[in-house]
Each structure stands twice: as C-alpha cells, then as structure tokens.
C-alpha cells in the first residue's frame, strides 16, 4: 500500500473553515434550529484536517464529482451526506471492476445469463459478494466494506439515520472506502473469452501473437487467469482439438508458467484427476504430456491424495462456516486428521490445509468446537517445517482467520496457543525470530 500511495499525488484542500463555520450557525439560527443537529465546529475542523490524507489514497483520475460532494458535505458538517457520497463512489467503482472483468465471463462463473442490466440491478450486498467471488475484493476488503455498508444503511442520508456519527467515525469510514473500494484496479481489462477461444482455434499463432496473449493473461484479473489457464489445458487435452489449437494452448501456458499459483495448480490437478476418473485415456495421456512439458510432473505425484485431502479440507471449512458448526465439526476434523496422519501433505495443498486447521482451531468470536479441538491439536503438533512457516505467516494474510486474530482477543490468544503446541526444537532461527515479533506485536 505504501508504494501505491507514493505513486499517487496528494490532494490539498482549501482552508474554508473561517468562512464556513460561522455560516453554518447563521443558517440554522434563521430556521430557529439548535446548532447540535449537525456536527460541531470542532468535529468539522478535525475531519477537514484529516480528509486530504484519505483522498490521497484515491487515484487522481477517480477523484470525481462524488468525491468533491463528499468534501463539501464534510466541510459543512453533513457527515451523513458525506458517507452516502463516498459509498456511492465505491459502488460505481466496484461495478466498473466487475464490468471490466468481463460480463460474459461472469455469466460463465455464475452459470447463468449476466448482462450489464443485471450488474446494475444488484443490491450493494450482492455486488460485494460477486466481487469477492471474482477475487476483485480481498477477504479483508470484503470484511471491512461489508461493515461500511451497514454503517451507510444506518447512519447516512440515504435512509433515516438512527444517530449521528462523529469526525473519527467519518474519517474511518472514508479511509476504508478509499483503501478497499476505490482504486486503480478499475483500469484492468478482462479477456473476452469468445475472442480468446476463437483466436486459439483459428490457426497457428506466431510468437508475437503468443507473447501478446501472454501479456494479456499477466495483466488480467487473477481470478480470470485462474479460469482461463485450466481452459487452455482442456483444449490441449481434447482429442477433437486441431493440432494448431493444441500447440497454441500449450505455447501460451509455457509463456505464463511463472504466473501459476497454488489455485491454478490445484485446478489443473483436479482436471487431470477428472480425466482419470472418467476413464478418458486420450485426455489422461495428453494431460500427462502437458504436465511434463511445463515441468509440473511433481504435482502428479500422489494426485489422488491431493484431491482427497483438498476435499476433506473444503468439507471441514464449509462445516466450520456453517450453522451449528460447534456440533458438526468433530467428524470432519477426525476425517482430516486420519487422512493426514497416514500420509505426507502434498505441496499443492499445504496452504489450504494449514489455513483450514488454523481457522478451525482459532475458532470464531463465540468459541470453538471443543470435541474437535483434540484433532486440531494433533495436526498442529505434527506440522512440517513448511507448514510451521505457513502458520507463522497467517496474520499477514488476507484471510478470515487473520481478520479474527486481529479483531478478537480470544481468537488472537488461541492462535498463539496453536504456536505453543509446536515443539520449540521444530522452529528454525528465522521462524523463532518471526514468532517473537508476532508475540511483541499482538500480545501486549
């Protein structure tokens, strides 16, 4: 964030307080209304002083009329109006992000018709859900913008307000909107899937064309890239694909190999396993060749094991997030423990495995599933060096468990209890230093 801020120009606001503040009192007096019905002079002055810093988070090209109206409303103490203006700017920006992602591609993700009118008709909560699903919002951004949505619905001029907010609450609201909801991500352009597939299948591409598509994949949204690369794998493995289409698909994948993350690798393994399960020998043979040409053979070692453990993690996490999780978790926790106790965790599932176990052991603000805790303890005690490293990195991640650690003392304490389950001799020196830094930061 600091690097992005350094590239953005600051926005100085004029000193209008000497002229504005007396006028506010005069206007209210002319109606015979008390000065207390809007923010006090001190609150206005404090908010106005802090506002330029928050506006500097917004790229200059996005500081539009809504941002200007937010400033005007702040300068005269109409904090409820300021909240509404900045929130509207967030919603418009999120719509733009989704539109640039590709409406046709969203339709494919949602498995239903989705056009611009459908996007514009989404309620704010639905839009946040969609952007989160498309990974246009991080876990952290989704969490905080949902809080902002509740504040906007209850304390802004959009609806009858239940109370007034003060300058601190206003600046905090604006800060979160600027940080998570209004950014230059709007400039990213998604790849049109129909054009992409047509180009791949129309004829053999030269190196310049291959490079151009690799650049588009590099610059598109991560979630779209995570869907397009497995699609290229599918084209390569399809026995009905023309040879030039297979070569094009493979060449592009080779060109973006460095962009493969655990999500893409997991999707490729799942697709490979589906060919095996369906008994499709042609596709399975081609898929193995694909993994070999991209130097991904290590991912195929224990691929069935990958799918089984990943499915167990997914089931446990789903139950943990669901209704009556304290009662329902134990059998799923037991299943995951028994699986991992008998085999080595594949590298491609380590992150999901650690995140799942840590999330369930840390629990939520209301507690943990006590009957499942013994299984979580055993799994944590058996963490490998890499898994210990992933556990130490959790507070820096944009995940549900990281938000819980930062937001709730009981969850924070349980996170450190999890670290204490690991034998001291299992920590290497860098990990021990990282552990000590975490204790100083969170255990005050």
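The values are calculated or read from the model by the stated rules, or taken from the named source; none is laboratory data. Note that the structure is predicted; figures quoted are calculated from it, not measured. Cβ coordinates were reconstructed from backbone atoms using ideal geometry, including for glycine residues, and neighbour counts include every protein chain displayed.
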Legend entry - Condition broken by residue 327, with the remaining ones in (1) touching a helix residue (DSSP H, G or I) at 6+ places or on another chain (Cβ under 7 Å); (2) part of a helix (DSSP H, G or I); (3) exposed (fewer than 14 other Cβ atoms within 10 Å of the Cβ) satisfied: (1)
Inset, instruction - Hey, can you tell me all the residues within region 330-361 that are in contact with a helix residue (DSSP H, G or I) (Cβ under 7 Å, 6 or more places away or on another chain) and farther than 24 Å from residue 262 by Cβ? - result: 334
Legend entry - The listed residue being touching a residue at least 12 places away in the same chain (Cβ under 8 Å), under 30 Å from residue 59 (Cβ atoms) and in a helix (DSSP H, G or I), out of 235, 264: 264
Legend entry - Whichever residue in region 183-209 is at pLDDT 90 or above and crowded, with 18+ Cβ neighbours inside 10 Å and, among such residues, is farthest from residue 105 (Cα to Cα): 205
Legend entry - Residue that is part of a helix (DSSP H, G or I) and either out of contact with any strand residue (DSSP E or B) (no Cβ under 6 Å at 6 or more places or on another chain) or under 27 Å from residue 311 (Cβ atoms) (or both), where the choices are 211, 240: 211
Legend entry - Test: residue in region 362-377 that is touching a helix residue (DSSP H, G or I) at 6+ places or on another chain (Cβ under 7 Å), within 27 Å of residue 433 (Cβ to Cβ), at pLDDT 90 or above and assigned to a helix (DSSP H, G or I): yes
Inset, instruction - Determine if region 78-88 includes at least one residue that is under 20 Å from the mean Cα position of the chain (by Cα) and over 23 Å from residue 15 (Cβ atoms). - result: yes
Inset, instruction - Taking residue 165 as the residue in question, decide whether it is touching a residue at least 40 places away in the same chain (Cβ under 8 Å), assigned to a helix (DSSP H, G or I), in contact with a helix residue (DSSP H, G or I) (Cβ under 6 Å, 6 or more places away or on another chain) and closer than 30 Å to residue 26 by Cβ. - result: no
Inset, instruction - With the condition kept exactly as written, say whether any residue in region 279-290 is free of Cβ contacts under 8 Å to residues at least 12 places away in the same chain, in a loop (DSSP other than H, G, I, E, B) and out of contact with any strand residue (DSSP E or B) (no Cβ under 7 Å at 6 or more places or on another chain). - result: yes
Inset, instruction - Give region 296-324 a look and list any residue that's under 27 Å from residue 233 (Cβ atoms) and either in contact with a strand residue (DSSP E or B) (Cβ under 7 Å, 6 or more places away or on another chain) or not in a helix (DSSP H, G or I) (or both), or say none. - result: 296, 301, 302
Inset, instruction - Hey, can you tell me all the residues within region 310-346 that are within 23 Å of the chain's Cα centre (by Cα) and under 22 Å from residue 380 (Cβ atoms)? - result: 310, 311, 312, 313, 314, 315, 316, 317, 318, 319, 320, 321
Inset, instruction - Would you mind telling me which numbered condition in (1) under 17 Å from residue 310 (Cα atoms); (2) part of a helix (DSSP H, G or I) residue 383 fails? - result: (2)
